[in-house]
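**Student:** Here it is: the structure, laid out below.
The values are calculated or read from the model by the stated rules, or taken from the named source; none is laboratory data. Small disclaimer: the values here were computed from a predicted structure and weren't measured. Positions of Cβ are backbone-derived with ideal geometry, glycine not excepted, and every protein chain shown enters the neighbour counts. The area values use the complete protein model at the heavy-atom level, side chains included, leaving out ligands, DNA and RNA. Shrake-Rupley method; radii C 1.70, N 1.55, O 1.52, S 1.80 Å.
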Amino acid sequence: MAMLSEELLKKLKEHAEYFPRKEQAILLCLHEVQDHYGHIPTFAIEEVAKVLEVPLNHVENVVSFYDMFDRGEPARHRIRVCVSVVCNLMNSQKVLKAIKELLGISLGETTKDGRFKLIGVQCIGACSEAPCFMIDNDTYKFESKEKLNEVLSRYT
Amino acid sequence: MRSYPVIPEIYAETTLNLLLKRAKKPKVHSIEEYLRDGGYQALEKALNMDPMEIIEWVDKSQLRGRGGAGFPTGRKWKFAVQNPAPRYLICNADESEPGTFKDRILIERDPHLLIEGMIISAYAIGANQAFIYIRGEYPAGYYILRDAIEEAKKKGFLGKNILGSGFDLDIYVARGAGAYICGEESALIESLEGKRGFPRIKPPFPVQYGLFGRPTVVNNVETLCNIPIIVGMGWEEYRYIGPSDYPGPKLFPISGKVKKPGVYELPMNTTLREVIFKYAGGTIGNKKVKAVFSGALDCFSADELDTPMDYSPFGFGGTGTVIVLTEEDYVVQACLWVAEFYAHESCGQCTPCRVGTHEQAILLERILHHQANEKDWEGFNFVNSHIQPTSICGLGAVAGRLIKQTMQKFPEEWEKYKKSLQVNV
């Protein structure tokens, strides 16, 4: 079985000690795991359960509920394109089209080199900047295909 | 200062200079800047008052919750303190309604206003532990709040014996992970306990049975940011801001087809027409306004632009969200996006909502593409009106509402789809 790195394990333990009760840290821990691995691997679920002292199926159950956690194939970066009401009104289709042209992927797909995964999401709360998208923790307004290409180049 | 994740520069403007006094500028304001502006003076004042007196002030200020439901804040606090300690305070920062992005600029630009509001509120309701639940899509806000809380601790505004008052408080920040339903207060509490965000059946309400079964007050970010203002100026003066029946500043996030989208701080009775034309610069290309959606909740036609923001049955209540559609947009198409939103965000706990929201979206898509028959149309109308009375929480209760309103207000838009229905075989 694969093992978590010392550094990641230390972070999970810090999260577990942060709240009044250990089990409250489950989402913080899962964010940490996903940021590290680019998805939620099974062995990490086991580690999170151990650190938080909760049953394994509880962690699995929580992972499957929250949209941001991905049990699928890993990707180094995830692009979340907003396809909610406002972004659609302001033409989020052109964001998807530009990504398709630049990276060759449609919604739900990952580039062959595992660099980017493209996901359609509901409102990301930057509606004055519509159409907008996120790459990992960063939020951007879509301006043009050229500008998007430049932004993408920052994520290797 | 550490660098935070990238956030786009959301435009902000204020006529009142209260909530957005600092946040109109797109930068994180440090505790030093906040203190220079008279920050944390309301906290000092509050700690010299009796907690019950603060609750009385908030009640008399007529502040109503800014998270959408508009419940009187003072009354909520009074209910909570009737129940025995320990009690908890939770700040709902899970803003996720389409078109709503007002709380994020308060969090990201002026975190100490929120923190001061939380300390005063926790003192008033007698809570020694408070939580901020911020949506997963606002990672910058999460890190900004964690840092601001550390700053406040170092100055003695948080921790043990705050400013020598004997009052202790710790504030913890929790992150969501992409579930709209966690903005519903009981689902939020479940999530904060480390579980799936399934809404609870109410009653009991959170003020009776909340976090870990204890009395809990859940207030929205903007609501809590009003507290230092009320305590600072006194409830009498606060009542003079805006109309006398709905006093206080209000944030209006405006988006869609307007020239200057952004967040505007205006008095409560501001009308849709004023928000769109006086402040947001009118529509793109000066097109005619066709409809306004207040989030995914209510729909207003071009004849209703004089509707004011308030919590009466005649106002556009909710979060103050304004999404503008012009003559170039199709209302039924926009309804499909709204239906898809509810289908995606239904938590799946209760059957009417889990199945109903998906059925509603599937049938509407068929209708929109002229592939529906009469049975589909009947089914669509049935589902649309049956999710509401049979669901556990507010999400199911409103999932069909905007669509139904558009049928009443834009019958001609729906008519052409009705005409193209295929006859049953």
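**Student:** When the helix-only estimate is applied to chain B (DSSP H runs of n ≥ 4, each -39,500 (n - 2.57), divided by the residue count), what is the mean residue ellipticity at 222 nm, nearest 500 deg cm²/dmol?
**Tutor:** Helix contribution divided over all residues of chain B: -12000 deg cm²/dmol.
**Student:** Looking at the stretch A:31-134, which trypsin sites (Lys or Arg not before Pro) are in a loop (DSSP not H, G, I, E or B) and have at most 13 other Cβ atoms within 10 Å?
**Tutor:** A:R71, A:K112
**Student:** In percent, how large is the relative contact order of chain B, given Cα pairs closer than 8 Å and 6 or more residues apart?
**Tutor:** 16
**Student:** Where does the charge balance sit around A:S144 when Lys and Arg score +1, Asp and Glu -1, over other residues with C-beta under 10 Å from its C-beta?
**Tutor:** 0
**Student:** About its Cα centre, how strong a charge dipole does chain A have in debye, to the nearest 20, once Lys and Arg get +1 and Asp and Glu get -1 at the Cβ?
**Tutor:** Roughly 480 debye for chain A.
**Student:** Each residue of the stretch A:144-149 in order: what ³J(HN,Hα) in whole Hz does its phi give by Karplus 6.51 cos²θ - 1.76 cosθ + 1.60, θ = phi - 60°, with x for Gly and Pro?
**Tutor:** Once θ is set to phi - 60°, the couplings for the stretch A:144-149 become 7, 5, 5, 4, 4, 4 Hz.
**Student:** Same structure again: Could you state how much accessible area is buried at the A-B interface, both sides summed, with a 1.4 Å probe, in Å² to the nearest 100?
**Tutor:** When A and B are taken together, about 4200 Å² of accessible area is lost.
**Student:** Same structure, new question: Evaluate the charge dipole of the protein assembly as shown about its Cα centre and quote only its size in Debye, nearest 20, assuming +1 on the Cβ of each Lys and Arg and -1 on the Cβ of each Asp and Glu.
**Tutor:** Rounded to the nearest 20 debye, it is 360 debye.
**Student:** In Å², what does the accessible area per residue of the stretch B:142-202 work out to with a 1.4 Å probe?
**Tutor:** Counting only protein heavy atoms, the per-residue value for the stretch B:142-202 is 34 Å².
**Student:** Related question: With +1 on each Lys and Arg Cβ and -1 on each Asp and Glu Cβ, how big is the dipole of the stretch B:120-256 about its Cα centre, in debye rounded to the nearest 20?
**Tutor:** Its charge dipole is roughly 320 debye.
**Student:** Taking every residue in A:131-139, how many Cβ atoms of other protein chains lie within 10 Å of its Cβ, on average?
**Tutor:** Mean shielding by partner chains, rounded to a whole number: 4.
**Student:** With the crude spin-label approximation of a point 7 Å out along Cα→Cβ, what separation in nm comes out for B:N161 versus B:R75?
**Tutor:** It is 4.1 nm.
**Student:** Please work out whether the stretch B:289-425 counts as rounded, prolate or oblate from its C-alpha gyration tensor, where a ≥ b ≥ c are the square roots of the eigenvalues and a/c under 1.5 means rounded, while otherwise a/b larger than b/c means prolate and anything else oblate?
**Tutor:** Judged from the Cα gyration tensor, the stretch B:289-425 comes out oblate (a/c at least 1.5, b/c at or above a/b).
**Student:** Please list, in order along the stretch A:107-117, the HN-Hα scalar couplings obtained from phi with the Karplus expression 6.51 cos²θ - 1.76 cosθ + 1.60 (θ = phi - 60°), rounded to whole Hz, x for Gly and Pro.
**Tutor:** Taking θ as phi minus 60°, the curve returns 3, x, 9, 10, 5, 4, 7, x, 7, 10, 10 Hz for the stretch A:107-117.
**Student:** From the phi of every residue in the stretch B:109-117, what ³J(HN,Hα) in whole Hz does the Karplus formula 6.51 cos²θ - 1.76 cosθ + 1.60 yield, where θ is phi - 60° and glycine or proline is x?
**Tutor:** 10, 9, x, 6, 4, 5, 5, 4, x
**Student:** Hey, in the GNM for chain B with a 10 angstrom Cα cutoff, which one of B:K250, B:K154, B:K290 fluctuates hardest?
**Tutor:** B:K154
**Student:** Something else: Rounded to a whole number, what % of the accessible area of the protein assembly as shown do carbon and sulfur atoms account for, probe 1.4 Å?
**Tutor:** Summing carbon and sulfur atoms, their accessible area is 50 percent of the total for the protein assembly as shown.
**Student:** Putting +1 on Lys and Arg Cβ atoms and -1 on Asp and Glu Cβ atoms, find which of B:V338, B:Y311, B:Q408 reaches farthest to the positive end of the dipole of chain B.
**Tutor:** In chain B, that residue is B:V338.
**Student:** Oh, and also: So with the 1.4 Å probe, I'd like the accessible area per residue for chain A, rounded to whole Å².
**Tutor:** That works out to 44 Å² for each residue.
**Student:** OK, next. Could you grab the relative contact order for chain A? Cα pairs under 8 Å, six or more apart, rounded to a whole percent.
**Tutor:** 18
**Student:** From the protein chains alone at 1.4 Å, what is the descending order of accessible area for B:W235, B:W77, largest first?
**Tutor:** Ranked list, largest accessible area first: B:W235, B:W77.
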